[in-house]
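Presented below is the structure to which this report refers.
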2 protein chains.
Amino acid sequence: MGLIVQKYGGTSVANIERIKAVAERVVRTAKQGNKVAVVVSAMSGETDKLIGLAHQVASSPNEREMDILLSSGERVTTALTAMAIEALGHKAMAFTGRQMGIITDTVHTKARIEKITGEKARKALDEGYIIVVAGFQGITETDDVTTLGRGGSDLSAVAIALALNADVCEIYTDVDGVYTTDPNIVPEARKLSKISYEEMFELASLGAKVLQTRSVEFAMKYEVPVVVRSSFNDNPGTLVTKEDEDMEKVIVSGVAYDKNQAKITVIGVPDMPGIASKLFKEIADSNIVVDMIVQNISSDGKATDISFTVPKTDGKKTLKITEGIAKELGAKGVDLREDIAKISVVGVGMRTHSGVAAHMFDTMAKHGINIMMISTSEIKVSCIIGVKYTELAVRVLHDAFGLEKA
Amino acid sequence: MGLIVQKYGGTSVANIERIKAVAERVVRTAKQGNKVAVVVSAMSGETDKLIGLAHQVASSPNEREMDILLSSGERVTTALTAMAIEALGHKAMAFTGRQMGIITDTVHTKARIEKITGEKARKALDEGYIIVVAGFQGITETDDVTTLGRGGSDLSAVAIALALNADVCEIYTDVDGVYTTDPNIVPEARKLSKISYEEMFELASLGAKVLQTRSVEFAMKYEVPVVVRSSFNDNPGTLVTKEDEDMEKVIVSGVAYDKNQAKITVIGVPDMPGIASKLFKEIADSNIVVDMIVQNISSDGKATDISFTVPKTDGKKTLKITEGIAKELGAKGVDLREDIAKISVVGVGMRTHSGVAAHMFDTMAKHGINIMMISTSEIKVSCIIGVKYTELAVRVLHDAFGLEKA
């Protein structure tokens, strides 16, 4: 007998039939002798629909109100899923983010979970209820509704698993698990039976959409075991867990790509201390997440170029901020490019093997793919390239690192 | 400078264009120097859509979960309306039922408001915000979400007007005000410039759908001035207020009808004390509201028939309860009729004028309309008739009491 958290994403609760299928799987898990806490997203498309409505009434809707609006989607699926479970003869209770005691900071639309009280939920589980919790939402200490940002239900699930001291957090989605790369691009892509938190984190942050980045970060920090599975079949999925010796033998685990980034270049920045910090402080204050940053040493010691990437949705906003600062600083100009993609190879085994970066650059060069920016970490190498080369780069790198072989 | 509560129903916030029109009216009211608290319903059709989804997942959905589900509709319109007001350049803040501090009892789907704390809302109004409150919803002392039943946003509005000590509570709907009867049936129906709480209460409970019954009861009890107006034009509407001398001069103010009732008859009930109380206690315990009750003296002193009406939606449930008790009591049988309507004439002047009932019965008889049940109060006479005679009865009574003349 264990305690299992099961999170179902938007496609898994997209309609009444899917919700009933979720209820059946949940009840089956409970009948196997487990306590079950279910976390659900809004029906797929619902959050985008609500965002669309908001933008029809106001060009830049207030984010506090936006959170009240968006949190309604998960309330619907939470209630319906609990009803569907009860219809199968099992006790169930729905919990809103507030009722679950999910306390967040006050950064509306991108809030961070600060703690989960969850007394009522624990009591319900002890009394034999399956609990169904609204993902993606929380509440501030001063009673305002918050949401956790795109994909935030994954974070809800992992945090709830930790709060309830669950044995495992199962993330149900529309794919079987984590693959060496996108099977839509490379048919030979292979499903991984397990992957380390670190690798998963890099893959998630690099645009492999199986798990939301912050949820992986959270799982890694608190060592919450996560399994990524499909809600459309009974395949075993991929276990995301602590690094072990087997994993270290594999040099590269996967190739990821991300088309949702934009690149901004500040041209001719005077080369003096404090420039970069001023720019990136202002961007951070606007809650925009900067990913890669590249600055070259100026050839003449007077002016340099700074390039960085941000989510494409924040591109124009960032451009505006950057232009303001560029003027102040006497830079020559600012350039925004949205037609880019980030390609990365990831693997914990990379730490002890040199030459991965060189092999990657060489492979891309052989196929005529120009590299605009490079960034590396202990377990990944990322390159910014023209978006039109994305699929080509993924295919040739998957092949070059022999990822189709187990 | 006053404090005005404006409530907008489902048709008034049915789409983005209507929400923008509401925002304009609200901002106009604020610019005239008023503090404004707005109460909104869900978009028209939304609540029914959610109920439909619930019944697709479960034949009798849990009512606690139903309330979490249904409360989502008003969250959407509340947030969107606040955004639309802000887009017009005025400060606005959305409040869920909980954030407004609307505390109710624990009768899910039909909860009663116990108190409204509203500190945060008062503060926001003082700081120059237009506040937008989600109607229809509240929260129990133990943090469960509740809804107030069909039309509950009217009650929210009147209760909020009282809690904020507002000067007036304006109820915006898709009709101009309160009419002498349904203009769809009688084109000569006349809009009343004012009407007493008592008359409005009878009209509301008799199926004139302009205001929800409990909201009128509440307004009457605490003497909250209510104005019923259209959100589609600037016509002055109908003031619902305390009875005055002018009103007493009018014998009959309106003719109402209600097709949403079902009649249940218990046949051959042994004529002994305590029978009726046992039956109606059990029905009341199921939170079913009984409207009319008629019991004739038994001709032989041994057995009698009891007839009563309930909302049509509760008809089958009531039948089941009644059949159980009828068996226990040794009654001969129970009969449910759903093809009935209630026709009523209402007026505070009736108190001091005899003959209203007789004139009503006479008029119906002249047109061949059979009366199944009769019930009277100080200011109304109601008859149950076959549903097919509804429109005919309304027309001939409107004419017989000369209601087309001011």
What is the dipole size for segment A:3-174, taken about its Cα centre, with +1 at each Lys and Arg Cβ and -1 at each Asp and Glu Cβ, in debye to the nearest 20? 440 debye
How much of the DSSP bridge set in segment B:3-174 is antiparallel, in percent, rounded to the nearest 5? 25 percent
Interatomic Cα distance distribution for segment B:315-406, bins of 10 angstrom, percent: 14, 38, 25, 17, 5, 0
Extending each Cα 7 Å along its Cβ direction at A:Glu338 and B:Glu24, get the distance between those two points in nm, one decimal. 3.1 nm
For the B:Ser286, B:Lys91 Cβ pair and Förster radius 51 Å, calculated FRET efficiency rounded to 0.05 is 0.65
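Calculate, in nm to one decimal, what A:His367 and A:Asn260 gain on full extension: separation in residues at 0.36 nm each, minus their alpha carbon distance.
Roughly 36.2 nm would be gained on extension.
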How large is Rg over Rh for chain A, taking Rg from the Cα atoms and Rh as the Kirkwood inverse mean of 1/r across Cα pairs? 1.00
Do any GluC sites (Glu not before Pro) in segment B:299-357 lie in a loop, going by DSSP, with at most 16 other beta-carbon atoms within 10 Å of their beta carbon, and if so which? B:Glu338
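Between A:Asp271 and A:Thr142, what's the calculated FRET efficiency when r is the beta-carbon distance and R0 is 56 Å? Round to 0.05. Working shown, then result.
Details: r = 45 Å, r/R0 = 0.81.
According to the calculation, E is roughly 0.80.
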Positive-end extreme of charge dipole, the protein assembly as shown - chosen from A:Ser230, A:Ala331, B:Thr78 (charges on Cβ): A:Ser230
Let me spell out the model: positive unit charges on the Cβ of Lys and Arg, negative unit charges on the Cβ of Asp and Glu, origin at the Cα centre of segment A:244-345. What dipole size does that give, in debye rounded to 20? 560 debye
Peptide-level mean, for A:16-25, of C-beta atoms on other protein chains within 10 Å: 2
Can you list the residues of segment A:331-353 with backbone N under 18 Å from a point 7 Å past the Cα of A:Arg190, pointing along Cα to Cβ? A:345-350
Could you give me the ³J(HN,Hα) list for segment B:304-311, computed from phi with Karplus coefficients 6.51, -1.76, 1.60 and θ = phi - 60°, whole Hz, x at Gly and Pro? 9, 10, 10, 10, 8, 10, 9, x
Along Cα→Cβ at 7 Å, what distances in nm separate the B:Ala357 label point from those on the other copies, shortest first? 9.8
Only Cα pairs under 8 Å and at least 6 apart count here; give the relative contact order of segment A:3-174 as a rounded whole percent. 30 percent
Would you mind telling me which residue in B:Glu74, B:Glu188, B:Glu199 has the biggest mean-square fluctuation in a Gaussian network model of chain B, where springs connect alpha carbons within a distance under 10 angstrom? B:Glu188
Shortest first and in nm with one decimal, please list how far the A:Gly333 label point sits from its counterparts in the other copies (point 7 Å along Cα→Cβ). 9.3
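Quick one: compute the contact order of chain B, relative version, from alpha carbon pairs under 8 angstrom and 6+ residues apart, as a percent.
Normalised by residue count, the contact order of chain B is 13 percent.
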Restricting to chain B, compute how many DSSP beta bridges are antiparallel as a %, nearest 5. 60 percent
Go through segment A:308-406 and name the chymotrypsin sites (Phe, Trp or Tyr not before Pro) that are in a DSSP coil and have 15 or fewer other Cβ atoms within 10 Å of their Cβ. none
Residues B:Ser41, A:Ser205, sorted so that the one with the fewest Cβ neighbours within 10 Å comes first: A:Ser205, B:Ser41
Computed for the protein assembly as shown: size of charge dipole around the Cα centre, +1 on C-beta of each Lys and Arg, -1 on C-beta of each Asp and Glu, debye to nearest 20, value 500 debye
With Cα springs under 10 Å, the Gaussian network model of chain B assigns the largest mean-square fluctuation among B:Ala365, B:Ala14, B:Ala124 to B:Ala365
Long-range HN-HN contacts of B:Val334 with modeled amide H, under 5 Å: B:Ile267
Looking along the axis that carries chain B onto chain A, the residue of B whose Cβ comes nearest, with distance in whole Å, is B:Ser72, 2
Run the simple label-point estimate for A:Glu323 and A:Val387 please: 7 Å along Cα→C-beta, distance reported in nm. 2.0 nm
Fewest Cβ neighbours within 10 Å first, please rank A:Ser60, A:Ser231, A:Ser344, B:Ser277 accordingly. B:Ser277, A:Ser60, A:Ser231, A:Ser344
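Can you divide the C-alpha Rg of the protein assembly as shown by 2.2 N^0.38 Å and report the result to two decimal places?
Rg over 2.2 N^0.38 Å, computed on Cα atoms: 1.17.
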Non-local residues with an amide H under 5 Å from the amide H of A:Val255, with H modelled 1.01 Å from N and Pro and chain starts lacking one, are A:Thr181
At 7 angstrom along the Cα-to-beta-carbon line, where would the label on A:Gly2 sit relative to the other copies? Give the distances in nm, shortest first. 6.5
Trypsin sites (Lys or Arg not before Pro) restricted to segment A:362-406 and DSSP loop, no more than 13 other C-beta within 10 Å: A:Lys405
Would you please give the residues with an amide H less than 5 Å from that of B:Ala262, counting only those at least 5 places away or on a separate chain, with H modeled from the backbone geometry? B:Val310, B:Lys312
Report the one residue of B:Met43, B:Val107, A:Ala163 whose Cα lies farthest in the direction of the positive end of the charge dipole of the protein assembly as shown (charges on C-beta: Lys and Arg +1, Asp and Glu -1; origin at the Cα centre). B:Met43
Can you put B:Asp167, B:Asp362 in order, fewest other beta carbons within 10 Å first? B:Asp362, B:Asp167
At the level of C-alpha centres, the distance separating segment A:201-249 and segment A:298-349, in angstrom, is 30 Å
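Read-outs throughout are calculated quantities, based only on the coordinates presented, and are distinct from any laboratory measurement. In this text the structure is predicted, and so the values were computed from the model without any measurement. Note that each Cβ is placed from the backbone with ideal geometry, even for glycine, and that neighbours are counted across all protein chains shown.
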